[in-house]
Structure formats: structure tokens, C-alpha cells
1. Among Gly56, Gly50, which is surrounded by 12 or more Cβ atoms within 10 Å (Cβ to Cβ), closer than 26 Å to Glu15 by Cβ and touching a Ser or Thr at 6+ places or on another chain (Cβ under 7 Å)?
2. Just one of the numbered conditions (1) of a type outside the set (A, V, I, L, M); (2) touching a Gly at 6+ places or on another chain (Cβ under 6 Å); (3) in a helix (DSSP H, G or I) is not true of Thr21; which one?
3. Among the residues of the range 1-18, which ones are in a strand (DSSP E or B), more than 14 Å from Asp48 (Cα to Cα) and β-branched (Val, Ile, Thr)?
4. Please verify whether the range 71-89 includes one or more residues that are in contact (Cβ under 8 Å) with a residue 12 or more places away in the chain and either surrounded by 11 or more Cβ atoms within 10 Å (Cβ to Cβ) or among the hydroxyl-bearing types (Ser, Thr, Tyr) (or both).
5. Within the range 35-47, identify whether any single residue is surrounded by 10 or more Cβ atoms within 10 Å (Cβ to Cβ), assigned to a helix (DSSP H, G or I) and among the aliphatic types (A, V, I, L, M), and answer yes or no.
6. Being touching a strand residue (DSSP E or B) at 6+ places or on another chain (Cβ under 9 Å) and either outside any helix (DSSP H, G or I) or among the hydrophobic types (A, V, I, L, M, F, W, C) (or both) is the filter here; which residues of the range 48-83 pass it?
7. Kindly provide the set of residues from the range 40-68 that are among the aliphatic types (A, V, I, L, M) and either farther than 17 Å from Pro18 by Cβ or touching a Gly at 6+ places or on another chain (Cβ under 6 Å) (or both), ordered by number.
Amino acid sequence: MTETAEDWRFDVAIEHGPHRTRAQLVLHAPDGHEFSGVGFAHRTGTVDVGSYLAIGRAMSDLTEELLEAVAVDVELEVNRAMLTGMVRPA
């Protein structure tokens with residue numbers, strides 16, 4: 001069995017404003033696609049807490065974008081399979 005490795009890369013940008021922290025994550029896929037998520041947190045207490053919360057929310061947002069992309073890709077594959085006769089509708 002041959003294993004292949006793919007390099008996916010995350011970029012994280014954090015902006016600390018006077019009242020809130022904003023985080024943006026960009027996921028770079030090996031095929032050139034990019035997915036992004038944004039999260040916010042109110043600034044209360046330490047900067048670290050706001051950063052962690054904003055990053056966590058950005059990850060959640062990015063997860064939704066990835067799942068939407070998967071749903072579209074699966075639908076396209078099913079439609080293509082049906083058109084070529086590989087799969088018959090139930």
C-alpha cells in the first residue's frame with residue numbers, strides 16, 4: 001500500500017481592537033482552493049482568552065464552509081454518476 005502526503009496550510013490573523021478581537025483563518029488546500037472562517041470575541045480580561053475564543057469561532061465558521069463544499073462536491077459526483085448510468089435513482 002502506497003501512502004501519499006498532502007500539505008494543507010493554515011494562516012491565522014488576529015486583530016485586537018479596543019472592545020473585541022477578530023480572528024480569520026485561511027485553509028490552503030493542495031489543489032489551490034482556499035477556505036476561510038472568521039470569529040469574534042469581546043475583549044474582557046486577558047488578550048489570550050479573547051484570541052482563543054475568536055480563533056475557536058473562526059474554526060467553527062471554517063468548518064461550516066468545508067462541510068458546505070463537501071455537500072456540493074458529493075451532489076455533483078452523484079449527479080455525474082446518474083448521468084453516466086453508474087448509479088440509478090432509488
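1. Gly50
2. Tallying (1) of a type outside the set (A, V, I, L, M); (2) touching a Gly at 6+ places or on another chain (Cβ under 6 Å); (3) in a helix (DSSP H, G or I), Thr21 fails exactly one: (3).
3. Hit for the range 1-18 is Val12, nothing else.
4. no
5. yes
6. Quick first cut of the range 48-83, residues touching a strand residue (DSSP E or B) at 6+ places or on another chain (Cβ under 9 Å) only: 49-66, 69.
Passing the criteria: Val49, Leu53, Ala54, Ile55, Ala58, Met59, Leu62, Leu66, Ala69.
7. Result: Ala41, Ala54, Ile55, Ala58, Met59, Leu62, Leu66, Leu67.
Every read-out reported here was derived from the displayed coordinates using simple, explicitly stated rules and does not represent laboratory data. Only a predicted model underlies this, so the values are computations on that prediction, with no experimental measurement involved. Note: ideal-geometry Cβ built from the backbone for every residue, glycine included; neighbour counts use all protein chains shown.
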